[in-house]
Structures are given as structure tokens and as C-alpha cells.
């Protein structure tokens, strides 16, 4: 299977530009780029799908350039519904540093990272209009899908001109670094073709591109912070445990597609997981492979093993196997309830609003529906003390089968 055939098999090619793109990818070693704006201090799983594709191309011998948009980030790519919030230059600079490091970590340093502000800041406004604006027809810009959709609600000139800057990025990298191909998500097709058109008009030469279909969840929403479902690549923002929980619970209909997109498993390996998923979906072997491949690549084998250990401890009720850091990771979404002194279990359940009354609390305890750090409590005279707390700090209370509460000694 050729590289191009593999990309198609993995579902990574939607739109293409360049009549001999397939030959270029299969038979030559070319320079290509993928870009993103530093609108946050971390990339997310939606970006990672593109980074994996870029790594795939790099492994085939092509040279990757990752562009972080210090200039375009100051404006913001037009969204289908409304204008993006303008972020300060100070925040943008911090985001740039964070994302640059993140990209270099993903590629283990084997990538060239550039910032388009390095060349855009040298332009005066009139110079840019002469060098770029003169070559792009206004009717051509109005025909771009994202701009056309925004005309009814209104679009600012800054957003309208965004495509010119991204188009010039491609021209600059084409002339200065012999970067002949751009690879992006399919929502960037309009900006990509602006660059290709500009290159053709300014140099008389042909450039290449392909887009990847946007990766969506089971509800049809793409991964991203604007959708409110961002899974950050930064482990401090989205822990390996959180990522693990998401990935092993993805919809069965999505998991094989995700294995193709996000992992470097071979066609034969993925087809074997597809067979296992079809015959024994309850084992979730494909889901576990997905989690293993992504988390190990992003955060390392140790973080992956920690995520598995936390999951197994919670599933088996072995809370006491976890340390403080793992407790914090596992119950990140819960608001801790603080206590200072030893307290009777009934009083604790009522005081911290885990139960609505002492009568209800006694019923839960005597029925065996309350556990403390995995141990079932049936004695209404039981006292919660620092000695039963994990590292004399955390008390994990489970009410029923799934309702968890965290009590912390202050």
C-alpha cells in the first residue's frame, strides 16, 4: 500500500489540489506545512489528529513545518456564527511559547516550527495591499464558503482579510523554504486555495494541498474548545486519566475510525481490532488500544499505566491503592468538602449534604450503600478520622453505585 493509498484508507483525505499530488507524496520527499493559531495555551485532540497526520508524512520522509500563527492569532479565523474574541498580545505570546513546546514534544524535536508574525510584522498596510491584495479578486473572496455564510450576520474587515494573510503564509513558505504543500482540516480549504492561487499568480508555479475531514464525536460535534468538548493535550489541563476515560467510552461506531486517524497501528492490526470489537464489544479491546496509543504518544507509558491503575482501582473499589495525586486526578471534577476534626459518619453525611437527613443517612449506612475509601460502612457509630483518610488527607465517599464525594482534611 502506497502512502497515498494508506492516507485514503485511514480516511485522511477529503479535498486535494495538484494534479500529480499522489505521485509527489509517493515518490518524492517534499516540504509541507500545517498551521494553527495560538488561541489557547494548549492544543486539543482535534489538533492532534492533524499532528498525527503530519507525523505520518514525516515518517514517510517528508519534511514538516508547523506554523504557529502569531499574526493570524491576533485577528482570528472567521467562525461560521460570530467573530472570535480578540486576545491580548501578552496572552498570545504565552500561548505561542506553550504550543511551540507542545508541538516539539509531539514530534520529539524532529520538526521545524515557524511563527508567521516573523514575516508579517515587516509589512506596512499599503505594502501588504500592493503585494497581496492586488492579486486576489474581491468576488473570489466573497465566494469562499465561510465568508458567504457570514455575510448575512455581518463580518468585519479584519476577519474578511484573514484569508489573505494565510494565503501569503503559503506563498512565503513556498518561496523561502520550498514548502510546496499545505495540509489542514477541511474547514481551511478556502484559505488554502487562496494561497495556491496567490502562488500561481505571483510565481507561475503550482502548489499542492490536501485537507482532512474534521474529526467529530458521536454527536457530530468536532473536537475543539469552541464546541465546549475540548480534550487538551496538556496533561495539567486534561489528565491522562480523563483522556483514558473518554477514549475507552467512545461510541463503538467511532472507535475503528479513530484508530485509523489517531494511531500508527497497521492496517492488519486495526482490522484485527475491528473483528474483536464486532465479536466481543464488551471487552472493549479496540477502545483500550486507542487509549494506549494516544496517551503513550502524548504523555508517555508511565502516565498511561497510571490512568489504567486509577480506572481499575475505581472499578474494583480499591480506592486505598491510590495516592493523593491520583485521587486528585480521578475526582478532578468534584468540589472537595472540607472537615477539620473527627466526625461521626451520620453527622458527616448530613453536614456535607451527602444525605438530606439523619434518617436517610442511617438508612444508607445500614443498607450498606455507603463506602469510605472503598470500605463498606454499616455501623452508624463509625467515626471518620484522619487515620482512615488516604495520606491523612482524602476521604472518598461513595453513595450507592456511582455517586462520589470527596472530603478533605484541612
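A short reminder: the numbers here are calculations on the coordinates, not readings from a lab. Because the structure is a prediction, the values reported are computed rather than measured. Heads up, the Cβs are rebuilt from the backbone with ideal geometry, glycines too, and the neighbour counts pull from every protein chain shown.
Enter the Cα centre distance for the pair the stretch 286-343 and the stretch 1-65, rounded to the nearest angstrom. Here the answer is 33 Å between Cα centres.
The mean sequence distance of close C-alpha pairs (under 8 Å, at least 6 residues apart), as a share of the length of the stretch 240-316, puts its relative contact order at 45 percent. When the square roots of the Cα gyration tensor eigenvalues are ordered a ≥ b ≥ c, the ratio a/c for the stretch 145-187 is 1.5 or more and a/b does not exceed b/c, which makes its shape oblate. When 357, 50 are arranged by Cβ crowding within 10 Å, least crowded first, meaning fewest neighbours, the order is 357, 50. As a rough guide to protection, the peptides 118-126, 263-271, 35-43 ranked by mean Cβ packing within 10 Å, highest first, stand as 35-43, 263-271, 118-126. Annotation: the stretch 240-316 has a Kirkwood hydrodynamic radius of 12.5 angstrom, from the mean reciprocal C-alpha pair distance.
Quick check on the stretch 3-215: take the gyration tensor over C-alpha atoms, sort the square-rooted eigenvalues as a ≥ b ≥ c, and tell me if it's rounded (a/c under 1.5), prolate or oblate. It comes out rounded by the Cα gyration axes.
A protection proxy built from the mean count of other Cβ atoms within 10 Å ranks the segments 367-375, 285-293, most packed first, as 285-293, 367-375. Shape index of the stretch 337-409: Rg/Rh, with Rg the Cα radius of gyration and Rh the Kirkwood radius from the inverse mean 1/r over Cα pairs, equals 0.91. Over the residues of the chain, the helix contribution to mean residue ellipticity at 222 nm works out to -13500 deg cm²/dmol, using -39500 (n - 2.57) for each DSSP H run of at least 4.
Distance between the modelled labels on residue 338 and residue 29, one decimal in nanometres: 6.0 nm (7 Å Cα→Cβ projection). Between residue 249 and residue 268, the contour length at 0.36 nm per residue exceeds the Cα-Cα span by 4.5 nm. Each of the peptides 59-68, 176-185, 396-405, 189-198 was scored by the mean count of other Cβ atoms within 10 Å over its residues; in descending order, highest first, they stand as 189-198, 176-185, 59-68, 396-405. Structural descriptor for the chain: relative contact order 15 percent, calculated from alpha carbon pairs under 8 angstrom and at least 6 residues apart. Model label sites at residue 176 and residue 9, defined 7 Å from Cα along the beta-carbon direction, differ in position by 3.9 nm. Taking the Kirkwood radius as Rh and the Cα radius of gyration as Rg, the stretch 213-284 has a ratio of Rg/Rh equal to 0.98. As a calculated quantity, the FRET efficiency between residue 402 and residue 380 at R0 = 22 Å, using C-beta atoms, amounts to about 0.45.
Enter the angle in degrees (range 0 to 90, nearest 10) between the Cα long axis of helix 89-106 and the first principal axis of the Cα atoms of the chain, meaning the one along which they spread out most. Relative to the chain, helix 89-106 is tipped by roughly 80 degrees. Which label belongs to the value computed from this structure, given these candidates for Rg and Dmax of the Cα atoms in Å: [x] 26.1, 85; [y] 25.3, 101; [z] 25.2, 86? The calculated read-out lines up with [x].
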